[in-house]
Amino acid sequence: SQGSGGGMRAWVSAVLGSALCCFVARGSEDIVVGCGGFVKSDVEINYSLIEIKLYTKHGTLKYQTDCAPNNGYFMIPLYDKGDFILKIEPPLGWSFEPTSVDIHVDGINDICTKGGDINFVFTGFSVNGKVLSKGQTLGPAGVQVVLRNAGSDINIQATTTQSGGKFAFFKVLPGEYEIFASHPTWMLKESNTVVRVTSSNAYAASPLVVAGYNVSGSVRSDGEPMKGVMFLLFSSAVAKEDVVGCNFSPVDGFQSRDESLSYLCNVVSKEDGSFSFLSLPSGKYTVIPFYRGERITFDVAPSRLDFLVEHDSLQIEPVFHVMGFSVTGRVLNGPEGEGVADATVTLNNQIKVKTKPDGSFRLENITTGTYTIQAKKEHLFFDTITVKIAPNTPQLANIIATGFSVCGRISVTRFPDTVKQISKYKVTMMPQDKDKASLVTTETDPHGAFCFKAKSGTYNVQVIIPEAETRAGLALKPKVFSVTVTDRPVMDVIFSQFLASVTGKVSCLDACGDVMVTLQSVSRQGEKRNLQLSGNEDSVAFTFENVLPGKYKVSIAHEDWCWKNKSLELEVMEEDVLGVEFRQTGYMLRCSLSHAITLEFYQDGNGPENVGVYEVTPRSCHQFEHDYYTYDTSSPSILTLTAVRHHVLGTIVTDKLMDVTVTIK
C-alpha cells in the first residue's frame, strides 16, 4: 500500500547517512535497501509464530525476522546487490501464497529499491487424520479420503492415505467439515468422521477404520485350474463376526488334526481355480485345503498354510496343488482286537507314518498302484502285506498282529561257590497242546534276559541249567512257567533262584541255654554254616536261610546232654524243609571209677529223664567212701568213685579139717 511504501522510504532516508559514511570502504556495488511487506490473512492467525527468511540463491541464510504481531508487517535490510530468495516459514501445516519470492536486487528497478511491498497471503490450516486397520494402531496406504463442508456432497479436497494410514488436507480455512473414506476393494467399518477448524491445525474427531482386506489364492492340478476345492479358514486371534464374505457352516467329513485351531469359515475355488476371502481383519490365519470326491479325500499341497494379513490385500503364495489321494487304515492286536498305538507303518520301505492312539493311520499323496505295507511295533509282529490301492479303496484292510513277544529273565541272588556269574542259559518254549516237534529254543543274554516270538496260545517255558551248575546247587523256580498269549506281549516270565529255608527246633528237658546247630553240605566240601542258639525256655527255634538245593547233614553240639538224634540228614529239593527237631533225652553222667561197678540212680518221685538232683548208689563187692553220691543236672561234673574196701572171697583146700586163720596184709 502507499502508506506502507512511504514508511519504508522514510526508513531508507534515515539510514542513508550512515551508509554514505562507509561508501568508499564498501565498494561501488554495495547499497543499503530494505525489503518489506505484510503477511496477510482474512482469518485470525498468530503472526508471532511466523518467520521471514532471506536466502542467497545458493541457499545460505542471510537474514531472518519476525512479523509484527498486530498486522504481520516485516522488514529485511539488504546491503548487497544480487539474487536472493525471500521465504515465509510458518508453523507446520499452515499454507501461504506464495511460499517464496525470487528477488533480483540491482539498486534501480527491483521491488525493494522501488519501495514496493512483498506480501504473503494465508490460505488455510492443515487437517490431519488416520485410517486404521480394525484393532490395530496402524493402517493401510491407498485409501481415498475426501473433505467436504458439513452437510455438503461436494468434495473440497481429495487425497490418499500414506504408509501407516496417515492423511492430511492443506489450505483448509476455519469451519465445520466432514471426512469420507472409500476403497474399491476393502470394506470400511468407519467410513466418515468430522473435524472443526478454528485458529490452528485440526485433527479428525475419530479415526476411519478398514474392516478387513481381501485375501485370494489359487489351486491347480497338473497345471490346470481346479474348481470345487474347499479352503477352511482358522484363527485363534480373530472373531468369526469380524469376517465377511465367507461360509460359516461346518464342513462335513473334515477332521482337524490341530485342536488348537479355531474354525472361522470356508470358501470354494471357482472355475478358474481362484478362491477369495472377501474381507479379513488384520491378524494371523491358517488356511487348510480340503478336497473330497465321492468316496475319497484327495491331498492338496501345501496341506496347511499360515499367513498374516497386515494392512493390504494379500495374494496367498504358493499356489495350491491337488496331489494324490489319502487312504486310511488301522493296526489291531487281534481280529476283533484293540488298536495298536505308535506302530510304524511303512509303505514300499519309504513312506513311514505312526499310528494314533486308536491304531488308525493315514497315508497321503497316494497314487493308484500296488504297494507293500509293513507294520512294526516293539514286541509285536506283523506279516508284510501287498495291496492294490486305488481311489475306490480309501479304506485299507486292518493290519492284524500275528505274533507277540514272550519275554522274561533269570534272577540269581546267590551264586554257588563254583558258579561266579550268570552264563548264557538255554530257554525252551513249547505249546501245551502240541508235541515236542513244536519246541523252540533261545538263549539268554549276559544279564539273563530272553524273548520268544509266539502266536496266541498257551505255552510252557523252561530254563535248561547245566548239570554241573545243578550239582553246585543252582536251581530256579518255577521249573516250568505256564504262559498264555492272547492279544498282547507277555513280559513278566521270571525265573527266580530257588533258595530254601531249613527250619526246626531244639527241645530240651529244661532251659536250653546255649546250643549250636550246624548245617553242612554232604556233596560240597567246605560248605558249612553254624547257628549259635540261646534261650531260657525248653524249646528254641532255628532257621537256615538261603540254602542251596542238595544233601545236608544237620547236627547239634552239647556234649553234656543226650539226644534222640545228635545229627540228621536231609535233602533240599524244590521246597523249604520244615520240622527238623533235636530232642534232648537226658544228661550225660561222666564217672571216674576205680573199679567196675553197678550204679543205681534214684530221684525221689520222678522219672529217670527229669532234671534235678539224683542219688547215685554204687552196687558192688567194693566199699566206697560214701554209701551214695549226688549228681545235679544243672551243674554237671565228673563223679569220682574210689573203693576203700573190697569184698574178698577165697577157698582153702586142705587134707584134713582143722581151724585155719587167714591174714590179709
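Just for region 453-478: of the residues that are outside any strand (DSSP E or B) and under 43 Å from the mean Cα position of the chain (by Cα), which one is nearest to Ser521 (Cα to Cα)?
So the first thing to find is which residues in region 453-478 are outside any strand (DSSP E or B), and the list is 455-456, 465-475, 478.
Checking the rest, the ones that are also under 43 Å from the mean Cα position of the chain (by Cα) come to 455-456, 478.
Working: Lys455: 45, Ser456: 45, Pro478: 23 Å.
That would be Pro478.
Name the pairs whose Cβ atoms lie under 6 Å apart, with the first residue in region 425-453 and under 16 Å from Ile494 (Cβ atoms), the second among the charged types (D, E, K, R) and assigned to a strand (DSSP E or B), and 6 or more positions between them or separate chains?
Short answer, once both residue conditions are applied: Gly448/Arg409; Ala449/Arg409.
Over 30 Å from Gly142 (Cβ atoms) and out of contact with any helix residue (DSSP H, G or I) (no Cβ under 7 Å at 6 or more places or on another chain): does that describe Val309?
no
Could you identify the single residue in Gln532, Gln520 that is without any contact (Cβ under 8 Å) to a residue 24 or more places away in the chain and either of a type outside the set (Gly, Ala, Ser) or out of contact with any His (no Cβ under 6 Å at 6 or more places or on another chain) (or both)?
Gln532
To keep it simple, each residue is scored yes or no on (1) in the same structural domain as Ile45 (by TED's automatic domain parsing); (2) assigned to a strand (DSSP E or B); (3) without any contact (Cβ under 8 Å) to a residue 24 or more places away in the chain; (4) basic (Lys, Arg).
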{"site": "Gly107", "(1), (2), (3), (4)": "yes, no, no, no"}
{"site": "Cys112", "(1), (2), (3), (4)": "yes, no, no, no"}
{"site": "Ala141", "(1), (2), (3), (4)": "no, no, no, no"}
{"site": "Phe169", "(1), (2), (3), (4)": "no, yes, no, no"}
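Going through Val268, Val244 one at a time, which residue ends up being of a type in the set (Val, Ile, Thr), more than 17 Å from Phe320 (Cβ to Cβ) and surrounded by fewer than 20 Cβ atoms within 10 Å (Cβ to Cβ)?
None of the other options fit; the residue is Val244.
Looking only at region 424-452, how many residues end up being more than 15 Å from Ser496 (Cα to Cα), of a type outside the set (Lys, Arg) and assigned to a loop (DSSP other than H, G, I, E, B)?
6
Which of (1) assigned by TED's automatic domain parsing to the domain that holds Thr137; (2) without any contact (Cβ under 8 Å) to a residue 40 or more places away in the chain is the odd one out, the single condition Lys240 does not satisfy?
(1) is the only condition that Lys240 fails.
Scan region 535-563 residue by residue and report those that are assigned to a loop (DSSP other than H, G, I, E, B) and either in contact with a His (Cβ under 8 Å, 6 or more places away or on another chain) or exposed (fewer than 12 other Cβ atoms within 10 Å of the Cβ) (or both).
If the condition is that a residue be assigned to a loop (DSSP other than H, G, I, E, B) and either in contact with a His (Cβ under 8 Å, 6 or more places away or on another chain) or exposed (fewer than 12 other Cβ atoms within 10 Å of the Cβ) (or both), then Asn536, Glu537, Glu559, Asp560 are the ones that fit.
Considering only residues that are part of a loop (DSSP other than H, G, I, E, B), free of Cβ contacts under 8 Å to residues at least 12 places away in the same chain and of a type in the set (D, E, K, R), which ones fall in region 336-377?
Glu336
Given the condition touching a Gly at 6+ places or on another chain (Cβ under 8 Å) and either buried (at least 18 other Cβ atoms within 10 Å of the Cβ) or assigned to a strand (DSSP E or B) (or both), answer yes or no: does some residue in region 255-263 qualify?
No, every residue in region 255-263 fails to be touching a Gly at 6+ places or on another chain (Cβ under 8 Å) and either buried (at least 18 other Cβ atoms within 10 Å of the Cβ) or assigned to a strand (DSSP E or B) (or both).
For every residue, the table says whether it meets (1) of a type in the set (Val, Ile, Thr); (2) surrounded by 15 or more Cβ atoms within 10 Å (Cβ to Cβ); (3) over 27 Å from Phe120 (Cβ atoms).
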{"position": "Ile179", "(1), (2), (3)": "yes, yes, yes"}
{"position": "Thr185", "(1), (2), (3)": "yes, no, yes"}
{"position": "Val195", "(1), (2), (3)": "yes, yes, no"}
{"position": "Val209", "(1), (2), (3)": "yes, yes, yes"}
{"position": "Val229", "(1), (2), (3)": "yes, yes, yes"}
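State whether one or more residues within region 509-521 are under 28 Å from Ala472 (Cβ atoms) and acidic (Asp, Glu).
Just the residues of region 509-521 that are under 28 Å from Ala472 (Cβ atoms), to begin with: 516-521.
Keeping just the survivors that are acidic (Asp, Glu) gives none.
There is no residue in region 509-521 that is under 28 Å from Ala472 (Cβ atoms) and acidic (Asp, Glu).
Tally the residues that are touching a helix residue (DSSP H, G or I) at 6+ places or on another chain (Cβ under 6 Å) and modelled with pLDDT of 95 or more, restricting the search to region 92-140.
0
The values are calculated or read from the model by the stated rules, or taken from the named source; none is laboratory data. As the structure is a computational prediction, the values presented were derived from the model and not from experiment. Cβ: placed from backbone, ideal geometry, glycine included. Neighbour counts: every protein chain shown.
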